[in-house]
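Below is one structure; the comments refer to it alone.
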Amino acid sequence: MQIKWLGQAGYELKEGRYTILIDPYFSDLVEQEEGLKRLVPAPAACKDVKADVILYTHDHIDHLDSDMVKGMEKGSAIFAGPQSGYKILKACGVPEDNIRCINRGEHFQYGGCDLEAVFAEHTQDSQGYVLHYHGRDYYFTGDSLLTPEVGYYENKELIKADVIFVCINGKLGNMSVGEAITLTKRVQAETGIPNHYGMFAENTEDPMKYVNGLKGSGCRTVVMEKGRAYDLEKL
């Protein structure tokens, strides 16, 4: 399976004929609503976005991009995430049969992917996802503060992540670099990958602080290049 970083907390997972997008932000909706301009171009025009599954962690517009949903060719695409996104998706013209509401502790399966929703401390029903794939666990934190509950499954078992994709921006309800490092160590990640930086000048952070903070810890780090395809199992 290949993975690309789309910017912010967005990723593309691609294997064979199917594509899963996690928290894709392709429009300029944040600029329209909050006045924050993109620092980097969108990966593609909204009308050119194609995916089998759009997975969102919560209903903020840089994670559930309603302009993208309206503009894309939806076809049979499945939109999956917490209940808070349901009305937004319906208003964007997504058929009810194509919406899957996932609660924390529940699984969403597609192709060879098993994605488990886990707790995140951000909005009322925000969540992260753990991708169980070929015997490895990949933890996408989504947006979250660091609390004692973060990094655990709903049954209170520790998420022992092979790879963690973690927010570091330290603003607007997200972990600081230091807190992201703490979570990376908490879940005993073999590889740590920072995200949620570099999109807006008013809400960014230096990923090298995360890299340097984990030196000597036994956890390797990867600063992903936007748009570059990586082999997921080699991260």
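Computed from the coordinates by the stated procedures, all read-outs in this text should not be read as laboratory data. Worth saying up front: this structure is predicted, and the values here are computed from it rather than measured. We place every Cβ from the backbone using ideal geometry, glycine too, and count neighbours over all the protein chains shown.
Do you know which residues across the range 167-200 are closer than 24 Å to Glu31 by Cα and among the hydrophobic types (A, V, I, L, M, F, W, C)? Cys167, Ile168, Leu172, Met175, Met199, Phe200 - these are the residues of the range 167-200 that are closer than 24 Å to Glu31 by Cα and among the hydrophobic types (A, V, I, L, M, F, W, C).
Mind checking which residues of the range 205-235 are surrounded by 18 or more Cβ atoms within 10 Å (Cβ to Cβ) and assigned to a strand (DSSP E or B)? Passing the criteria: only Thr221.
Can you name the residue in the range 42-81 that is over 15 Å from the mean Cα position of the chain (by Cα) and of a type in the set (Val, Ile, Thr) and, of all such residues, is surrounded by the most Cβ atoms within 10 Å (Cβ to Cβ)? The selected residue is Val69. Taken over the range 144-167, residues that are β-branched (Val, Ile, Thr), surrounded by 22 or more Cβ atoms within 10 Å (Cβ to Cβ) and assigned to a loop (DSSP other than H, G, I, E, B) amount to 2.
Taken together, the residues in the range 107-124 that are more than 15 Å from Val53 (Cβ to Cβ), out of contact with any helix residue (DSSP H, G or I) (no Cβ under 9 Å at 6 or more places or on another chain) and part of a loop (DSSP other than H, G, I, E, B) amount to 2. Summed over the range 125-143, residues that are of a type in the set (S, T, N, Q), part of a loop (DSSP other than H, G, I, E, B) and in contact with a Ser or Thr (Cβ under 7 Å, 6 or more places away or on another chain) total 1. Please go through the range 7-34 and pick out each residue that is in a strand (DSSP E or B) and either crowded, with 21+ Cβ neighbours inside 10 Å or in contact with a Leu (Cβ under 6 Å, 6 or more places away or on another chain) (or both). Result: Gly7, Gly10, Tyr11, Glu12, Leu13, Ile20, Leu21, Ile22. In the range 83-98, the residues that are without any contact (Cβ under 8 Å) to a residue 40 or more places away in the chain reach residues that are of a type in the set (Ser, Thr, Tyr) and in a helix (DSSP H, G or I) with C-beta atoms within less than 7 angstrom, at least six apart or across chains, in these pairs: Ile88/Ser66; Cys92/Ser66. For Glu154, the test of being closer than 18 Å to Gln8 by Cβ and charged (D, E, K, R) is failed.
Here's the yes/no breakdown for (1) more than 23 Å from Gly198 (Cα to Cα); (2) touching a strand residue (DSSP E or B) at 6+ places or on another chain (Cβ under 8 Å); (3) in a loop (DSSP other than H, G, I, E, B):
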position: Leu36; (1), (2), (3): no, no, yes
position: Pro43; (1), (2), (3): no, yes, yes
position: Ala51; (1), (2), (3): yes, yes, yes
position: His60; (1), (2), (3): no, no, yes
position: Ser76; (1), (2), (3): yes, no, yes
position: Leu89; (1), (2), (3): yes, yes, no
position: Gly93; (1), (2), (3): yes, no, yes
position: Arg100; (1), (2), (3): yes, yes, no
position: Gly105; (1), (2), (3): yes, yes, yes
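Among the residues of this structure, Glu202 does not count as one that is of a type in the set (Asp, Glu), part of a loop (DSSP other than H, G, I, E, B), surrounded by fewer than 19 Cβ atoms within 10 Å (Cβ to Cβ) and in contact with a strand residue (DSSP E or B) (Cβ under 6 Å, 6 or more places away or on another chain). In the range 207-235, of all residues being without any contact (Cβ under 8 Å) to a residue 40 or more places away in the chain and aliphatic (A, V, I, L, M), the one that is farthest from Val40 (Cα to Cα) corresponds to Leu214.
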